[in-house]
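For reference, the structure discussed in these notes is given below.
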Amino acid sequence: MNLTQPINCLTFNLQRAARSLARELDQALKPVGLSAQQFTSLGFLSGGQSHSTTKLAELLGTDRTTVTRNMNVLRNKGLVEQAEDDDQRINAMQLTPLGEQLFQQALPLWRDAQQQVLAKLKTTDAADFIGSLRQL
């Protein structure tokens with residue numbers, strides 16, 4: 001493989017794969033009415049966790065404006081709410097009971113989709129592959 005050719009650009013291929021996988025996950029989560037991005041956001045808030053918009057942006061690898069927009073959609077669906085905090089300046093979010101229930105309902109769909117994706121990889125150790133991606 002000639003790594004000097006633009007078609008073999010690592011960034012391009014990672015972005016292309018990410019878009020393709022996100023579409024597959026969106027399709028898998030359709031029965032519960034969530035997108036891949038929404039599912040991931042709920043996942044970071046599941047189990048009674050709460051995070052500020054800034055922390056969620058850091059965890060999701062995106063900007064605060066995008067997180068705020070996504071949280072507003074989830075809030076309108078009744079899935080997240082503002083968490084109580086002594087510091088009123090902190091805009092922390094948490095799952096509502098409905099949000100936790102929907103996340104738990106979506107989890108098996110995500111697991112199935114995850115297994116289907118991992119089965120496509122020609123690697124013997126998915127954990128090593130994911131670890132390599134996290135180092136980027």
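The values are calculated or read from the model by the stated rules, or taken from the named source; none is laboratory data. In this text, all values refer to a predicted model and were calculated from it rather than measured experimentally. FYI the Cβ positions are ideal-geometry reconstructions off the backbone, even for glycines, and counts take in every protein chain you see.
Any residue in the range 57-70 that is in contact with a Gly (Cβ under 8 Å, 6 or more places away or on another chain), under 16 Å from residue 34 (Cβ atoms), part of a helix (DSSP H, G or I) and not aliphatic (A, V, I, L, M)? Scanning the range 57-70 turns up no residue that is in contact with a Gly (Cβ under 8 Å, 6 or more places away or on another chain), under 16 Å from residue 34 (Cβ atoms), part of a helix (DSSP H, G or I) and not aliphatic (A, V, I, L, M).
Evaluate the following for residue 24: is it at pLDDT below 95, under 30 Å from residue 2 (Cβ atoms) and surrounded by fewer than 18 Cβ atoms within 10 Å (Cβ to Cβ)? Spelling it out, residue 24 is indeed at pLDDT below 95, under 30 Å from residue 2 (Cβ atoms) and surrounded by fewer than 18 Cβ atoms within 10 Å (Cβ to Cβ).
Looking at 47, 43, just one residue is part of a loop (DSSP other than H, G, I, E, B), closer than 13 Å to residue 93 by Cα, at pLDDT 90 or above and not aliphatic (A, V, I, L, M), and that residue is 47. Among the residues of the range 92-109, those that are buried (at least 17 other Cβ atoms within 10 Å of the Cβ) and over 16 Å from residue 39 (Cβ atoms) comprise 92, 94. Count of the range 71-98 residues, restricted to those that are among the acidic types (Asp, Glu) and modelled with pLDDT of 95 or more, is 1.
The single condition among (1) free of Cβ contacts under 8 Å to residues at least 60 places away in the same chain; (2) surrounded by fewer than 14 Cβ atoms within 10 Å (Cβ to Cβ); (3) of a type in the set (Asp, Glu) that residue 81 does not meet is (2).
Of all residues in the range 25-49, count the ones that are under 23 Å from residue 134 (Cα atoms) and either free of Cβ contacts under 8 Å to residues at least 60 places away in the same chain or of a type in the set (S, T, N, Q) (or both).
Looking only at that region, the number is 11.
Taking the range 13-34 as the range and being in contact with a helix residue (DSSP H, G or I) (Cβ under 7 Å, 6 or more places away or on another chain) and either over 19 Å from residue 97 (Cα atoms) or part of a helix (DSSP H, G or I) (or both) as the test, the residues that pass are 21, 22, 24, 25, 26, 28, 29, 31, 32. Restricting attention to the range 93-103, the residues being in a helix (DSSP H, G or I), in contact (Cβ under 8 Å) with a residue 24 or more places away in the chain and either under 24 Å from residue 17 (Cα atoms) or out of contact with any Gly (no Cβ under 7 Å at 6 or more places or on another chain) (or both) number 3.
Among the residues making up the range 35-70, those that are in contact with a helix residue (DSSP H, G or I) (Cβ under 8 Å, 6 or more places away or on another chain) and of a type in the set (S, T, N, Q) are 35, 37, 38, 40, 41, 46, 53, 54, 66, 68, 70.
For beta carbons closer than 8 Å, sequence separation of 6+ or different chains, a first residue in the range 117-130 that is farther than 17 Å from residue 22 by Cβ and a second that is at pLDDT 80 or above and part of a helix (DSSP H, G or I), the qualifying pairs are 126/118.
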